[in-house]
Amino acid sequence: MRVLKFALFILVALFFLTPLQTQAAPNDGSLNLVTSPLPISLSGPPGSTLTTDIRIKNGSNHDETLKVSLMKFSAYGDEGKPAITERQSGDDYFDWVSFSPQTFNAPPNEWITVKMTVKLPKSAAFGYYYAAVFSRAGAPEKSSGRQNIIIGSTAVLALVEAQVPNAKRTAAIASFSADQRFYEFLPATFKVKVRNSGNVHLIPTGNIFINRGNKTVATIKVNSAQGNVLPNSNRVFTSVWKDGFPVYLDKESGGQVVLDKAGKPVTDLKWDFSKASKLRFGHYTAHLLMAYDNGKQDVPLEAVVSFWVIPWRVIGMTILIIALPALLVYLIMKRRFNKLVSAKTDGSRRKK
């Protein structure tokens, strides 16, 4: 019985042993603005006039007097994060852009439409990357360095292409990787780094096909949000495979993901036994297949990475469940055998 109780204790512990995580409070800004669309993409020949509507809503409970001003953005770093910066010497393309209205009153929870106009001169060529910045009228915009944050403001990114015959659209897969080589349980996170070596922004999209042997067990989209890769820069796209049993899911509180002290999402291991058939085990291959438009045709991009899923806790529990009856039978038979031997020994002694 002691052996049985110990085995059951180990079984329960393996099922419910998960790491303890901490919770961090969310950060709230003082200016609550909602914008649409995000981002904007415009294109036309040199000499043309391009227009688009930007919709903005004041999400607070009081009126705001807002203004819209112009900044620019570019990609920086190995992952191509956007950097919003102010106008510099030689940025004459700022003079092509105007907004109507430029200053306006924004009542609470009411959508306001601002028209953005871009007048491309005959000399325009390739891509221009603007940030329409909405802030309180009279408040100076302050960029926070090389980050996609404008202090006390909200920015809408606009990508403008002046269509010319010598536009060059060329991309390649710089790297394709999984965040781990071995997993106990899903999710598995994949990072695709795309390098744009051309002179115009482009949008690569595609899928990751998860194969076990010759069978495709899952298909994951890459860049479903239609994100652009700026010229002469990289951009990293992240895709997650989480269709498994059990699976680590982000912990939420009040509709927001809980973060730990390092700013990483807190996860809980979820055992949804209705998905027990999706227990992942063995060697898998992730086959990336993307494509981008080079102006004439779709150009394919491919890469492959492999990984293992070894659910050691489930394997341990299975072995324990299988071995436990055999162990009990062995102990019972051994006990009976010892009693039988003991009885024979006692009988022999009495005869003597």
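The values are calculated or read from the model by the stated rules, or taken from the named source; none is laboratory data. Predicted model, so just to flag it, every value in this text is computed and none were measured. A quick note on method: Cβ atoms are made from the backbone with ideal geometry, for glycine too, and the neighbour counts reach across all protein chains shown. Remember, those area values only see protein heavy atoms, side chains included, never the ligands or the DNA or RNA. Shrake-Rupley method; radii C 1.70, N 1.55, O 1.52, S 1.80 Å.
Just one of the listed residues (Lys72, Lys67) is open to solvent by less than 90 Å² (accessible area, probe 1.4 Å), at pLDDT 90 or above, in contact with an Asp or Glu (Cβ under 7 Å, 6 or more places away or on another chain) and not in a loop (DSSP other than H, G, I, E, B), namely Lys72. The set of residues from the stretch 123-139 being small (Gly, Ala, Ser), under 29 Å from Thr65 (Cβ atoms) and not in a loop (DSSP other than H, G, I, E, B) comprises Ala131, Ala132, Ser135.
Residues in the stretch 276-312 that are of a type in the set (D, E, K, R) and either modelled with pLDDT of 95 or more or not in a loop (DSSP other than H, G, I, E, B) (or both): Lys278, Arg280, Asp293, Asp298, Glu302. Which one of these is within 25 Å of the chain's Cα centre (by Cα), loosely packed, with under 15 Cβ neighbours inside 10 Å and more than 19 Å from Ser100 (Cα to Cα): Gly59, Gly77, Gly47? Sole residue among the options that is within 25 Å of the chain's Cα centre (by Cα), loosely packed, with under 15 Cβ neighbours inside 10 Å and more than 19 Å from Ser100 (Cα to Cα): Gly77. Can you tell me which residue is farthest from His287 (Cα to Cα) among those in the stretch 153-178 that are in contact with a Gly (Cβ under 8 Å, 6 or more places away or on another chain) and open to solvent by 40 Å² or more (accessible area, probe 1.4 Å)? Only one residue fits best here, namely Gln163. Taking the numbered list (1) more than 22 Å from the chain's Cα centre (by Cα); (2) modelled with pLDDT of 95 or more; (3) closer than 21 Å to Glu79 by Cα in turn, Phe176 passes all entries but (1). Among the criteria (1) outside any strand (DSSP E or B); (2) at pLDDT 95 or above, the one Ala262 does not fulfil is (2).
Pairs are defined by a Cβ separation below 7 Å, a sequence spacing of at least 6 or placement on different chains, a first member in the stretch 264-282 that is within 17 Å of Asn211 (Cα to Cα), and a second member that is outside any loop (DSSP other than H, G, I, E, B) and not polar (S, T, N, Q); the pairs so defined are Lys278/Phe245; Leu279/Phe245; Leu279/Val314; Arg280/Leu186; Arg280/Val309; Phe281/Val309; Gly282/Arg212; Gly282/Val309.
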